[in-house]
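The values are calculated or read from the model by the stated rules, or taken from the named source; none is laboratory data. Keep in mind that what you see is a predicted model, and the values were worked out from it rather than measured. Cβ placement follows ideal geometry from the backbone for every residue including glycine, while neighbour counts extend to all protein chains displayed.
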Number of protein chains: 2
Amino acid sequence: MTADLTESAFLAVCRGERPTHVPVWFMRQAGRSLPEYREIRGPGSINHAIANPDLATEITLQPVRRYGVDAAILFSDIVTPVHAIGFGIDIKPGVGPVAEKPIRSAEDLSRLRVLDPDVDMPYVLETVRNLVTELDVPLIGFAGAPFTVASYLIEGGPSKNKALTKSMMLNEPALFAEILDRLADMAIASLTSQVQAGASAVQLFDSWAGCLSPHLYESHVLSASQKIFEAVASLGVPRIHFGINTGELLPLMRSAGADVVGVDWLVPLDVARARLGAESILQGNLDPVLCLAEVPQVEAEVRRIIASNDGNDRWIFNLGHGVLPETNPEVLERVVDVVHAEGHLAWA
Amino acid sequence: MTADLTESAFLAVCRGERPTHVPVWFMRQAGRSLPEYREIRGPGSINHAIANPDLATEITLQPVRRYGVDAAILFSDIVTPVHAIGFGIDIKPGVGPVAEKPIRSAEDLSRLRVLDPDVDMPYVLETVRNLVTELDVPLIGFAGAPFTVASYLIEGGPSKNKALTKSMMLNEPALFAEILDRLADMAIASLTSQVQAGASAVQLFDSWAGCLSPHLYESHVLSASQKIFEAVASLGVPRIHFGINTGELLPLMRSAGADVVGVDWLVPLDVARARLGAESILQGNLDPVLCLAEVPQVEAEVRRIIASNDGNDRWIFNLGHGVLPETNPEVLERVVDVVHAEGHLAWA
């Protein structure tokens, strides 16, 4: 049975309505930081866990049960669609996505074929369908943004400088644009299928876009992300746009079509609102690294962020980036409690 | 014989005067990107090259000869003073500074003793004295800022998240402050000795400060850097303050006492001026990664940055971070030529 989400604080904020309390969830709330995850996950690639709907469902539910967060996020990965079409990419433990044969020329485009979610990744959609019968909070579906996914396909793996990606962007702009366009189409297909299977919101992860100047982002990246947000608009669910080091990109990222804009810990919430407009809906922005400190110190940081929000009800509390694997879950439990108890007290 | 630097374009800009042309130099202009460096450098730790004044002098001069840049920067390292007092830190090829025994508690402070540059690192000062007789452009001396140097001493080496550093900052603020204060005193001693030996300007490298929220920077880092800028003010040379990912920190970094503020490639020059005031003197901001692209593309980026400067004469062209080892020196030669030929054409 699907839960009644009309009272969801998370969805209320996404719609621009005042919620009962400040909603909170954490990027990477499911996964390695949880002992119950490490217990059931087993060895092998994370792709095996993603391809197992019972396991992926349970992993997605674990942090919702433990933390009482206001939203679940599908346990999956931004390279899952690319993996599903057989591009040749694996997620290596402790490393991240690694492509066997990175994209070096237009010939490699043949491995970036059209995604048919029902055929290529039915397990993801089965997980979504399972989840919406189990959850009493909204499920957030997601996709990797074209730039960030492309960086893995071009570099061959995680990369400090994104040197090959930026070089291709400048030296071969047509090839670069074609890669991003194909990845945009894959993201559209993936997000659409997740929403049709029951996801209540979508987040586009452009985790690494913040390595680009606003000029390069606008010239080479924005249109592909915009294409995604426009295509999923008709699905009628809130759209969140996320990245880090994006202080200068925030207005462009919202212009791509997002309803909610992620803010990292470098940009105070009031500064983000000054840049985006007071009516903007923000998600953020506790530094996940600070969650490795002791509980009283973390609580003080949470209270400082609540104060920096200055009583604005258009705010979803989150980390500025994903939960680090070495995080003590008890710290995150306290974060949720403090946000739920105190986040709304300053509302006018 | 020491050169007459009264016509130096670099120093003119630092003093707020209109120069003959837009000055340009590159962070890490000396070093691995140059074949002539790789030829003379030999094996062994970079500390051996730094400790050899003849070699360090020649390495510093190489990019000045090749590129015709408007300033030289001493070939040394931000951890050289800490190395010199026997803390136990080496610079591992391809890795960076690695500390044998990272700072874990107040007991480790005994290894952070007072620096006496004449006794502890006479080779650095001999290199400076050599250089000022050879150079016909100003020599920039430098030091690592307390936060950035502390991050190596606390983490034990380069670190993606600075997790131990941030945790100590929150959990043990008094210990953290003591480490930064000692490192500030070392930076003051080092910079003072470099200027007394003939350096014409100083740059404080706070390369990793941009991982901090403005709140944490202001609460835990600013005062130590401020102490350095105040102490070296009486030396009468321009003071440059540099970091990356510092878009939100720029006003605080200038308030530390800098005459010139470094701007990374994420922050357009006009945005930096809007944040710092129109009279501010900026240094930046070409993305060093873009220098791996082909020459026409790099030239176009340089021209775009010149245009973004909008005819302001308070600007030193530089990269937003150091030259990458794999950079083709011919690209940087073209960058210098374009800046020198076109940088000043828009001046009113």
Among B:S219, B:S225, the single one that is more than 14 Å from chain A (Cβ to nearest Cβ), assigned to a helix (DSSP H, G or I) and modelled with pLDDT of 95 or more is B:S225
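Which of the residues spanning the range B:257-275 are under 25 Å from B:A231 (Cβ atoms) and out of contact with any strand residue (DSSP E or B) (no Cβ under 6 Å at 6 or more places or on another chain)?
Selection gives B:G257 alone.
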In the range A:309-329, anything farther than 21 Å from A:R28 by Cβ and either surrounded by fewer than 17 Cβ atoms within 10 Å (Cβ to Cβ) or of a type in the set (D, E) (or both) is listed as A:D310, A:G311, A:D313
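Looking for whichever is under 20 Å from the mean Cα position of the chain (by Cα) and more than 19 Å from A:R254 (Cβ to Cβ) here; the options are A:V339, A:V302, A:V289, A:V331. Which one fits?
Values: A:V339 fails: under 20 Å from the mean Cα position of the chain (by Cα); A:V302 fails: under 20 Å from the mean Cα position of the chain (by Cα); A:V331 fails: under 20 Å from the mean Cα position of the chain (by Cα).
Criteria check complete, one pass: A:V289.
Kindly indicate whether any position in the range B:284-301 is more than 12 Å from chain A (Cβ to nearest Cβ), out of contact with any Gly (no Cβ under 6 Å at 6 or more places or on another chain) and not acidic (D, E). Walk me through it before giving the result.
To start, the set of residues in the range B:284-301 that are more than 12 Å from chain A (Cβ to nearest Cβ) comprises none.
So far as the range B:284-301 goes, no, none of its residues is more than 12 Å from chain A (Cβ to nearest Cβ), out of contact with any Gly (no Cβ under 6 Å at 6 or more places or on another chain) and not acidic (D, E).
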Restricting to the range B:160-202, what's the tally of residues that are of a type in the set (A, V, I, L, M) and in contact with a Cys (Cβ under 8 Å, 6 or more places away or on another chain)?
-> 1
Condition broken by A:S167, with the remaining ones in (1) more than 10 Å from chain B (Cβ to nearest Cβ); (2) surrounded by fewer than 21 Cβ atoms within 10 Å (Cβ to Cβ); (3) in a helix (DSSP H, G or I) satisfied | (1)
Checklist (1) away from chain B (no Cβ under 14 Å); (2) in contact with a Gly (Cβ under 9 Å, 6 or more places away or on another chain); (3) assigned to a loop (DSSP other than H, G, I, E, B) applied to A:P158, failing item = (1)
Mind checking which helices (runs of 4 or more DSSP H) fall wholly inside the range A:10-108 and carry at least 1 residues that are touching a residue at least 12 places away in the same chain (Cβ under 8 Å) and surrounded by fewer than 21 Cβ atoms within 10 Å (Cβ to Cβ)?
-> A:35-41, A:46-50, A:53-67
Filtering the range A:154-203 down to residues that are within 20 Å of the chain's Cα centre (by Cα) and polar (S, T, N, Q) yields A:S159, A:S190, A:T192, A:S193, A:Q194, A:Q196, A:S200, A:Q203
Residues satisfying the stated conditions in the range A:264-283, i.e. under 19 Å from B:L216 (Cβ atoms), more than 7 Å from every other protein chain (Cβ to nearest Cβ) and under 18 Å from the mean Cα position of the chain (by Cα) = A:D264
Please go through the range B:129-155 and pick out each residue that is part of a helix (DSSP H, G or I) and among the β-branched types (V, I, T).
-> B:V132, B:T133, B:T148, B:V149, B:I154
The range A:142-186 - residue that is among the small types (G, A, S) and in contact with a His (Cβ under 9 Å, 6 or more places away or on another chain) and, of those, nearest to A:F242 (Cα to Cα) = A:A145
Could you run through the range A:330-343 and say how many residues are surrounded by fewer than 19 Cβ atoms within 10 Å (Cβ to Cβ) and in contact with a His (Cβ under 6 Å, 6 or more places away or on another chain)?
-> 0
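Quick check on this structure: which one of A:S190, A:S151 is under 25 Å from A:K92 (Cα atoms), within 14 Å of another protein chain (Cβ to nearest Cβ) and touching a residue at least 24 places away in the same chain (Cβ under 8 Å)? Write out each step before concluding.
On the way: A:S190 fails: within 14 Å of another protein chain (Cβ to nearest Cβ).
Exactly one of A:S190, A:S151 is under 25 Å from A:K92 (Cα atoms), within 14 Å of another protein chain (Cβ to nearest Cβ) and touching a residue at least 24 places away in the same chain (Cβ under 8 Å), namely A:S151.
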Subset of the range A:247-263, residues more than 9 Å from chain B (Cβ to nearest Cβ) and part of a loop (DSSP other than H, G, I, E, B), comes to A:A256, A:G257, A:A258, A:D259, A:V263
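With respect to B:V302, determine if the residue is in contact (Cβ under 8 Å) with a residue 60 or more places away in the chain and surrounded by 19 or more Cβ atoms within 10 Å (Cβ to Cβ). If you could, list the steps in order and put the result at the bottom.
Details: in contact (Cβ under 8 Å) with a residue 60 or more places away in the chain: no; surrounded by 19 or more Cβ atoms within 10 Å (Cβ to Cβ): yes.
Judged against the criteria, B:V302 is not a match.
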